[in-house]
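Working notes, beginning with the structure itself.
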Amino acid sequence: MNDQRLEIIIGNLLRAGVLLAAVIVFAGGVLYMAHDHAHHVDYHAFMPGGDSTRTLPGIVNSAFQLNSEGLMQLGLVLLIATPVARVAFAVVGFALERDRMYTVVSLIVLAILAYSLLHAT
Amino acid sequence: MTAFDFTLVVLAVSALAGFLGALTGLGGGVVVVPALTLALGVDIRYAIGASLVSVIATSSGAAAAYVKEGYSNIRIGMLLEIATTLGALAGAIIAAHVTTHAIAIVFGLVLLQAAYQSFSSKHDAGSIVKSDTLGRKLRLGGNYPAENGLQDYGVRNVPTGFGLMFGAGALSGLLGIGSGAVKVIAMDRAMRIPFKVSTTTSNFMIGVTAAASAGVYLSRGYVDPRVAMPVMLGVLGGALLGTRVLARARVRTLRLVFGVVVLALAMEMIVNGILGKV
């Protein structure tokens, strides 16, 4: 296993993740249009939404009830997870190459991402 | 405006931004945010939230293609991501404590830089150098496919590059953009990494950097699915199309046109920010 081969595998996995995310967002979008296409929208004033778009349990719950906003948001969360997965794969890849220095480096990046995502949501 | 009209307009604008962003290498975010805020009156927080997720989509979606070219250097990327993710976290936290006017003005300044970059022609310094002590210790050097076989390169000034990358991350977290331009400057100019290696490595760093501030954005409600849905789908579609035609396009003329558009957007962002309209 060398860097390049590993990277290509990871790259293909990421593309699959992005496609899946896009499909879920699109499905949510179709549902949203079907229900609310005639609604008047105005985003002049900032009003943060509820738990169903801002916390992971809320988003998952809303998506499984086939709520359009929850579904779109679930796709976006999946998208946000793709770079995190990429770093996690790199940790494994460097460990397999017995490259201790870069296993630690990628673990640090993973820890920062985990802190950000878990702490924030 | 009805939800249908809004979605359609944002989808079209985002597709165009993604297309031009891919062709010029400046990314889609720099056009999407001003377009949403200036033309459609969307609060800048929704705009940067939507832009940030679209940045992740283009970075992750193109990763496989870039790797196959054999230019990106995962060690350099991973090491510098420590700096960009910390910077992004800082930027996202700062974003909550400054006014939207201030964000608009900083955004305008970044656009000015992007416009300047579009006008100035590319120089390839042909920077084949030996790594300095730290670069060697960190095993950052590598090789890339050149006209006559694999070309080795070294890496220098790691601390300077690291510092610049923290700044790039902070801008990304504050403005919801990929800030690929600053990343390339850090690698190409400061660390003397060949231009092709810098740009492709920057592309994969962009997604990881954006993910670091995405959690903060999400929990604050900056990512509204009704706005982010058309932006993400549009930018992704446009960018995929852009990379397809990249080989055949006359990029130089395009960069000039794009530069003029970005310059105009920069002025409007700054003026509106100062007048307190954004």
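One table, with the values for the structure above:
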item: Residue match in region B:116-138 (condition: more than 19 Å from B:Ala22 (Cα to Cα) and within 11 Å of chain A (Cβ to nearest Cβ)); result: yes
item: Test: B:Ala181 is touching a Leu at 6+ places or on another chain (Cβ under 8 Å), more than 15 Å from A:Leu76 (Cα to Cα) and at pLDDT below 90; result: yes
item: Out of B:Ser198, B:Ser179, sole residue that is crowded, with 24+ Cβ neighbours inside 10 Å, of a type in the set (Gly, Ala, Ser) and more than 15 Å from B:Ile74 (Cβ to Cβ); result: B:Ser179
item: Looking only at region A:84-104, and only at residues there that are touching a residue at least 40 places away in the same chain (Cβ under 8 Å) and of a type outside the set (Lys, Arg), the one that is nearest to B:Gly207 (Cα to Cα); result: A:Ala85
item: Residue check for B:Ile56: at pLDDT 95 or above, among the hydrophobic types (A, V, I, L, M, F, W, C) and within 30 Å of B:Asn143 (Cα to Cα); result: no
item: Residue ranges of helices (runs of 4 or more DSSP H) in region A:47-100 with at least 1 members more than 18 Å from the chain's Cα centre (by Cα); result: A:68-96
item: Lone qualifier among B:Gly29, B:Gly25, B:Gly21, B:Gly87 - being out of contact with any strand residue (DSSP E or B) (no Cβ under 7 Å at 6 or more places or on another chain), more than 7 Å from chain A (Cβ to nearest Cβ) and modelled with pLDDT of 95 or more; result: B:Gly87
item: Cross-chain or 6+ apart pairs with Cβ under 6 Å, region B:158-186 first and aromatic (Phe, Trp, Tyr), then modelled with pLDDT of 95 or more; result: B:Phe162/B:Ala83; B:Phe166/B:Ala83; B:Phe166/B:Gly87
item: Hits in region A:1-24 (condition: small (Gly, Ala, Ser) and more than 7 Å from every other protein chain (Cβ to nearest Cβ)); result: A:Ala16, A:Ala21
item: Those residues of region A:25-67 which are at the interface with chain B (Cβ under 9 Å from one of its Cβ atoms), under 21 Å from B:Val9 (Cβ atoms) and surrounded by 15 or more Cβ atoms within 10 Å (Cβ to Cβ), in sequence order; result: A:Val25, A:Phe26, A:Gly28, A:Gly29, A:Tyr32, A:Met33, A:Asp36, A:Val41, A:Tyr43, A:Phe46
item: The listed residue being touching a helix residue (DSSP H, G or I) at 6+ places or on another chain (Cβ under 8 Å), farther than 23 Å from B:Val10 by Cα and at the interface with chain A (Cβ under 7 Å from one of its Cβ atoms), out of B:Val227, B:Val184, B:Val216; result: B:Val216
item: Criterion: assigned to a helix (DSSP H, G or I), farther than 21 Å from B:Val216 by Cβ, in contact (Cβ under 8 Å) with a residue 24 or more places away in the chain and at the interface with chain A (Cβ under 10 Å from one of its Cβ atoms) - qualifying residue of B:Gly77, B:Gly49; result: B:Gly77
item: Boolean, B:Glu147 is modelled with pLDDT of 95 or more, out of contact with any Lys or Arg (no Cβ under 8 Å at 6 or more places or on another chain) and among the acidic types (Asp, Glu); result: no
item: Test result for A:Thr103, under 17 Å from B:Leu218 (Cα atoms), among the hydroxyl-bearing types (Ser, Thr, Tyr) and part of a helix (DSSP H, G or I); result: no
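The values are calculated or read from the model by the stated rules, or taken from the named source; none is laboratory data. Fair warning: this is a prediction, and the values are worked out from it, not measured in the lab. Ideal geometry is used to build each Cβ from the backbone, glycine not excepted, and the neighbour counts take in all protein chains shown.
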